[in-house]
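S.K.: What follows is a single structure, and I will ask about it in a moment.
The values are calculated or read from the model by the stated rules, or taken from the named source; none is laboratory data. Predicted, not measured: the structure shown is a model, and the values here were computed from it. All Cβ positions, glycine included, derive from the backbone under ideal geometry; neighbour counts span all protein chains shown. We work out accessible area using only protein heavy atoms, side chains counted, and drop any ligands, DNA or RNA first. Shrake-Rupley method; radii C 1.70, N 1.55, O 1.52, S 1.80 Å.
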Amino acid sequence: MSTGERRTMVQARDVVKFYGQFKALDRVSLTVYEGEKVVIIGPSGSGKSTLLRSINRLENIDGGSMVVNGMDLYDPKTDLTKVREEVGMVFQSFNLFPHRTVLENLTMAQTVVRRRPKKEATEKARYLLEKVGLSEKADAYPGKLSGGQQQRVAIARSLAMDPKLMLFDEPTSALDPEMIGEVLDVMKDLAHEGMTMVVVTHEMGFAREVADKVIFMDHGAVVEDGTPEHFFTNPTHERAKLFLSQIL
Amino acid sequence: MKMKQVISSLTLLLTMAVAGQALAAPKVVKVATDATWPPMEMVDANKNIVGFDIDFMKAVAKEGGFAVEFKNSAWDGIFAGVESGQYDAIISSVTITEERQKKYDFSLPYLDAGQILVVPKGEKAGKLAELVGKKVGAQIGTTGAFEVKKNKGVELKTYDEVGLAFEDMVAGRIGGVVCDEPTAIIYALKKKEYADKFKIVGKAFTKEAYGIVVKKGDKELLALINKGIKAVKAKKQDGAMKAQWLK
Amino acid sequence: MTQKPHTIEVGDGAAIPLKSDKGLFTAWRLAFVGALATLTWLAFTRPDPYMKIITFVPDGILVTFKVTVGAILLALIIGLITGLGRISSNRFINGLASLYVEVIRGIPLLVQIFYIYYALGRIIKVPDILSAIIAMAVCYGAYMGEVFRAGIQSIPKGQAEAALSLGMTRSQTMWHVILPQAFRVVLPPVGNEFIALLKDSSLVSILAVADLLRRGREFASESFTYFETYTVIALIYLILTLFFSKIIGIMEERINVDR
């Protein structure tokens, strides 16, 4: 596949991150093109969430560079909020705002950050809630929703900002098994619509079906980087083989 | 056997000692005073309670044949203390009033006094009644406070200590202070930090007399105190005290 | 996974009765009804001095109320600023807020009240009730600051991360996401502080502010009915604190109902 004419959404070079003495990221490089779906997998503690969180600078990196949507995150002139407006993020623990209704969760950033009129924001929110199948929950508080419903709202909340890139940090790990499907379906729809996505997950079926590229991380470093076919059928690295044998 | 002897002799000694002391030592009278009322009663730089009342009480005790022990006590509640027996008497510039006489017994009057008004230097009012619409301070439960209350339109503000009232007058929160004349003289004329800020208005506008307070019905102590006062007056001992404290 | 509001443990302060706390709720009823009944009974069976006392002190209750409400409002503002200062990453602001909290917490309330009252009098000539309010607020602001700090820190980190990842600035995140949730968490301890402040407001009587206690003292020192007067004063304070703790309890229950 030719990627020459496609825009680069994420360009991470030799990223290093320490937690005290512990090296969480060890010279990690990653390129994500517009429209591309990248799935990052690896054992816990491999640094995959840290890498994802450094893409919108929820984590500061200690070395290397990170350019997102053409903006260098560590250039003092870069307005970080401008970067984050364009980068949606979905968390393992949903992080919906419990003091606001579902609808208000979707309109808040639209009005506060994008400065959209309330009417426009509400219309957008209702459209997205319908899209994730939760129109009837618009006026409920998040606490009354199931985990799967909450996560779908969280995805809709991010989408309300019209992001160019979506980051998913283990979006189904906190869910009961019967709710995982509904969230993955929403993510698959999103993928088919052409959204650029970086997904940290343990859902191998999702990776196989949706990913353009699978990245396997271990001990803070990228060990494998290739197509799903290559990764799932013929991984080159021993640790990847071991991981696959344990998880499949 | 020996032990028994030791114990009995010890007991004997102890009994004699206690009895001897009771016979030899004069009765100790606990006297309360609110030592925030210069020059009548105050605490000096050495933390001793001093003042006219203190010297006078000592003289009365000497003449009356009893010992005296002073107890510094807040004015607010000083009467309650004598009632509940925390001390036997009060000497604290207590004006003899009918109201108080209903509740407590007073000695013979021992000093004449009167209330006087202190105001900031620029004040033009010639008497208390002219301070209508203003707040006037006095120590809580004093005859000064009662006098302020009698003037309609003058708002009384009561303080735990008269010194705090003068400090509030510096801050502009009140327009006058009413207190006993000797105390007014100290604050308005003799204290360096206030002398250029305050002035005394006219002369004392009440005629009052101080008495020593005892619990209602404590005739025995009252007789001792009155005997002392009479003796002190007869010997004109209070003249020197007045010269020392009230001039 | 539902996010339950965190609660903060605050040791002192009055007990706030909730319907769910049966023991305390019964105790509250008993005390409240008992205090009211005693006061009424005394007023009618022995109008002299009780009725006289009860009719003498109402303007003092008003002053006590003014001082308490004024001080709590001011303390909330000071506390919010201090709490935000205490979690600030700016060293200077953080240091300043911490210094304020340390200094205030290290000085007895009564001493502070004296100090601020007479200092204000010397420097900027503030009227008495306002001085008393400021003195109480400066003190309680420090405690309130700690309550707010704990309240803000009790909000899960994910909330701020979610807001930031939506492109909100730090202050937008604080204002729209963290503080509204923190307010709910701090309500019980703020309620406690309010009751504590209501009681501590009696300290301003030392400043010659004519509050409930001072009115009582004035009455007692003139009529020499110390026991009777302080019985009435104690009962009125008790009724006031019980009344407000009940109101705070109701507010708390309302907020805990849904969400």
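S.K.: Hey, got the dipole for the range A:171-248? About the Cα centre, +1 on K and R Cβ, -1 on D and E Cβ, debye to the nearest 20?
M.R.: The dipole magnitude comes to about 320 debye.
S.K.: With θ set to phi - 60°, apply the Karplus curve 6.51 cos²θ - 1.76 cosθ + 1.60 along the range A:164-179 and write out the HN-Hα couplings as whole Hz, x wherever there is a Gly or Pro.
M.R.: 8, 9, 10, 10, 10, 9, 6, x, 10, 5, 9, 9, 5, x, 6, 9
S.K.: Around residue B:199, which amide H atoms from residues at least 5 apart in sequence, or from another chain, sit under 5 Å from its own amide H, with H modelled in the peptide plane?
M.R.: Counting only residues 5 or more places away or on other chains, the set is B:119, B:121.
S.K.: Place +1 on the Cβ of every Lys and Arg and -1 on the Cβ of every Asp and Glu in chain C, take the dipole about the Cα centre, and give the residue among C:16, C:106, C:180 whose Cα lies farthest towards its positive end.
M.R.: The residue sitting farthest along the positive end of the dipole is C:180.
S.K.: Here's something else I'd like to know. Using a 1.4 Å probe over the heavy atoms of the protein chains, calculate the carbon and sulfur portion of the accessible area of the protein assembly as shown as a whole percent. Could you put the intermediate results ahead of the total?
M.R.: Details: 20360 of 34900 Å².
Answer for the protein assembly as shown is 58 percent, counting heavy atoms of protein chains only.
S.K.: A follow-up question, please. May I ask for the accessible area buried between chains C and A, both sides summed, probe 1.4 Å, to the nearest 100 Å²? Before the final figure, lay out the partial values.
M.R.: Details: alone 14460 and 11640 Å², together 23820 Å².
The contact between A and C buries close to 2300 Å².
S.K.: Taking all protein chains together and a probe of 1.4 Å, list A:179, A:66 from the most accessible to the least accessible.
M.R.: Working: A:179 35, A:66 0 Å².
From most exposed to least exposed: A:179, A:66.
S.K.: Got a sec? Which residues in the range A:13-39 would a label at residue A:164 touch, if it sits 7 Å along Cα→Cβ and we count backbone N under 11 Å?
M.R.: A:34-35
S.K.: While we're on this one: Can you order the peptides A:148-158, A:204-214, C:74-84 by their average number of other Cβ atoms within 10 Å per residue, highest first? Please report the intermediate quantities before stating the final value.
M.R.: Numbers: A:148-158: 25.8, A:204-214: 18.6, C:74-84: 21.5.
For the peptides A:148-158, A:204-214, C:74-84, the packing ranking is A:148-158, C:74-84, A:204-214.
S.K.: From the residues B:32, B:108, B:126, which one has its Cα farthest along the dipole of chain B in the positive direction, the dipole being from +1 and -1 charges on Cβ of Lys/Arg and Asp/Glu about the Cα centre?
M.R.: B:108
S.K.: In debye, nearest 20: dipole of chain B around its Cα centre with unit charges on the Cβ of K, R (+) and D, E (-)?
M.R.: Values: 38 positive and 30 negative charges, 76 e Å.
My answer is approximately 360 debye.
S.K.: Accessible area per residue, 1.4 Å probe, Å², for the protein assembly as shown: what's the number?
M.R.: Values: 34900 Å² over 754 residues.
Accessible area per residue, the protein assembly as shown: 46 Å².
S.K.: Evaluate E = 1/(1 + (r/R0)^6) for residue B:30 and residue B:246, where r is the Cβ-Cβ distance and R0 equals 25 Å; express this FRET efficiency to the nearest 0.05. Spell out each step's value before the answer.
M.R.: Values: r = 26 Å, r/R0 = 1.03.
Calculated value: 0.45.
S.K.: Mind checking which of C:155, A:39, C:37 is farthest towards the positive end of the protein assembly as shown's charge dipole, using Cβ charges of +1 (Lys, Arg) and -1 (Asp, Glu) about the Cα centre?
M.R.: C:37
S.K.: Right, something else. How large is the convex hull of the Cα atoms of chain C per residue, expressed in Å³ as a whole number?
M.R.: Values: hull volume 36.7 nm³, N = 259.
Expressed per residue, the convex hull around the Cα atoms of chain C is 142 Å³.
S.K.: Mind checking how much accessible area C and B bury in total, 1.4 Å probe, in Å² rounded to 100?
M.R.: Values: alone 14460 and 13220 Å², together 25540 Å².
Its buried surface, counting both partners, is about 2100 Å².
S.K.: Here is a further query. Separation between the residue C:99 and residue C:114 pseudo-spin-labels, each 7 Å from Cα along Cα→Cβ, expressed in nm?
M.R.: 2.5
S.K.: What are the extents of the Cα atoms of the protein assembly as shown along their three principal axes, in Å, largest first?
M.R.: 126, 90, 53
S.K.: Moving to a separate point now. Given +1 on the Cβ of Lys and Arg, -1 on the Cβ of Asp and Glu, and no further charges, what dipole in debye does the range C:30-258 carry about its Cα centre, rounded to the nearest 20? If you can, show how the numbers build up before the last one.
M.R.: Working: 18 positive and 15 negative charges, 95 e Å.
It works out to roughly 460 debye.
S.K.: While we're on this one: What percent does the relative contact order of chain A come to when contacts are Cα pairs within less than 8 Å and at least six residues apart?
M.R.: Working: 450 pairs, mean separation 63.9, N = 248.
Over chain A, the number comes to 26 percent.
S.K.: Between residue B:127 and residue B:46, 0.36 nm times their residue separation minus their Cα-Cα distance comes to what?
M.R.: 25.4 nm
S.K.: Same structure, new question: Roughly how crowded by other chains is peptide C:218-227, in terms of the mean Cβ count from those chains within 10 Å of each of its Cβ atoms?
M.R.: Values: counts 7, 1, 6, 12, 9, 3, 9, 2, 7, 3.
Average neighbour count from other chains, rounded to a whole number: 6.
S.K.: Over the range B:115-186, what relative contact order in percent results from Cα pairs under 8 Å that are six or more residues apart? Don't jump to the answer; show the numbers that get you there.
M.R.: On the way: 126 pairs, mean separation 30.1, N = 72.
RCO, the range B:115-186: 42 percent.
S.K.: Oh, and also: What does the convex hull of the Cα atoms of chain B come to per residue, in Å³, rounded to a whole number? Provide the component values of the computation, followed by the final result.
M.R.: On the way: hull volume 37.8 nm³, N = 247.
Once divided by residue count, the hull of chain B is 153 Å³.
S.K.: Any aspartates and glutamates with Cα under 17 Å of the residue B:47 Cα? List them, leaving off those in the same chain fewer than 8 positions away.
M.R.: B:34, B:55, B:69
S.K.: Here's a follow-up. Find the eigenvalues of the gyration tensor of the Cα atoms of the range B:115-201, then list the square roots of 5 times those eigenvalues as equivalent ellipsoid semi-axes, largest first, in whole angstrom. Write down the numbers at each step before the final one.
M.R.: Numbers: eigenvalues 61, 39, 26 Å².
They are 17, 14, 11 Å, listed from largest to smallest.
S.K.: Give the lysines reachable from residue B:215 as a straight Cα distance under 18 Å; neighbours fewer than 8 places away on the same chain don't count.
M.R.: B:27, B:30, B:71, B:102, B:103, B:227
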